[in-house]
Amino acid sequence: MTAPHDRATTTAEPATTAEPVTAAEPVTAAEPVTTTEPVTTAQPVTTAQSVASTERVTSAEPALRYGFGTNGFSNHRLSDALTVIADLGYDGVALTLDHHHLDPFAPGLAARTAALARQLDRLGLTVVIETGARYLLDPWRKHEPTLLATEGRERRVDFLRRAVAVGADLGAQAVSFWAGVRPARLDARTAWDRLVAGCADVVEAAEKAGVPLGFEPEPGMLVESIDEYTRLASALGDPAPFGLTLDIGHCRCLEPYPVPECVRRAGDRLVNVQIDDMRRGTHEHLEFGSGEIDFPPVLSALDEVGYRGLVAVELPRHSHDAPGVARRSLDFLRSCDPAIRRAVRREEEMA
């Protein structure tokens, strides 16, 4: 990890990660999202079924690298959250910059980032930077202002530049961000032009810093699908730093393809993966086994496309039981991991 250094700070105010929205108005986490006809999937593997099937194989090395998001540890100090995540056996952390977790607008950012880099190194954790804090930029309006806003777009761009700088200092795998919801009175063409211009500014900062970007399609936002991400990347000229953040739950929520096919369509554009369970048409991040996703084929698809970045659990509404949720989540993911499942089959064949 490179040693952090001081960077100029403007007086921008905080930012956030989005949750479901339709048209122009944000939706609650459990509110349905309009989608195409549901894609049928295999019956999901429950946590109990999956973990029980792999109890005997504990020495096999997983094919994938798993992380947990700090937005699921919002009641913990950041240093404590990282310690718990590492002690449970995770490979990395998805760090959401927020007022209580490495606030990018508070004094002493360079020193605080340097201290964090040292802790991550001691704990052996890889990091991804997430930028979806709810009220970091505006204490009244969740996730505002966005790159589409009529007023305040420059605050969002400034925040994302700060996130890129922090990512560079921490040696982050990627910096993840999204489009935002189109304001009710804003026409689609103007919204698109604003998004392209804002992304171009962030891409320029990422190119200079040598940090990959992971743009996340988000239900209810201007860009909510893999195909729309591809259109945006094309409009930007397909710049090398402009990769894809794929939330596995979002694929089940609204993509027209089976979830493993979404992974294959993302292919080598993938720089960041968020993982959670979800139901068709409802943008609500659920613990594994509570939704409709069959996870072993999804993790196998990630292995097949050669993805070796973090697969980070995204459960932002589960901080009340963060250590328990994190423990159960890692047990479940390991039990669905393709390498561990292959080891289980070999054990059963030899029994």
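When +1 charges are put on Lys and Arg Cβ atoms and -1 charges on Asp and Glu Cβ atoms, the dipole computed for the stretch 236-344 relative to its Cα centre reaches about 180 debye. Share of carbon and sulfur in the accessible area of the stretch 307-351 stands at 45%, probe radius 1.4 Å. Classify the stretch 82-200: rounded, prolate or oblate, from the alpha-carbon gyration tensor (a ≥ b ≥ c, eigenvalue square roots; a/c under 1.5 rounded; otherwise prolate if a/b is larger than b/c)? Prolate shape, in that a/c is at least 1.5 and a/b is the bigger ratio. Using the alpha-carbon positions of the stretch 195-239, Rg (one decimal) and Dmax (whole number) come out as 10.6, 31 Å. Per-residue accessible area (protein heavy atoms, 1.4 Å probe) orders 328, 345, 112 as 345, 328, 112, starting from the largest. Taking the centroid of alpha carbons for each part, the stretch 150-173 and the stretch 307-351 are 31 Å apart.
Using the 1.4 Å probe convention, the accessible area of the stretch 145-210 works out to 39 Å² per residue with neighbouring protein chains retained.
Taking one quarter of the surface of the convex hull spanned by the alpha-carbon atoms of the stretch 155-293 gives a direction-averaged projected area of 8.7 nm².
Stokes-Einstein diffusion for the stretch 286-351 at 20 °C, viscosity 1.002 mPa s, with a Kirkwood radius from C-alpha pairs, works out to 160 µm²/s. Charging the Cβ of each Asp and Glu at -1 and of each Lys and Arg at +1, and nothing else, the dipole of the stretch 58-178 about its Cα centre rounds to 200 debye.
For residue 126, the residues whose modelled amide H falls within less than 5 Å of its own, excluding neighbours fewer than 5 places apart on the same chain, are 92, 93.
The values are calculated or read from the model by the stated rules, or taken from the named source; none is laboratory data. The structure presented is a predicted model; accordingly, all values stated were derived computationally and were not measured. With ideal geometry, Cβ positions are generated from the backbone for all residues, glycine too; neighbour counts draw on all protein chains shown. Only protein heavy atoms, including side chains, enter the accessible area calculation; ligands, DNA and RNA are left aside. Shrake-Rupley method; radii C 1.70, N 1.55, O 1.52, S 1.80 Å.
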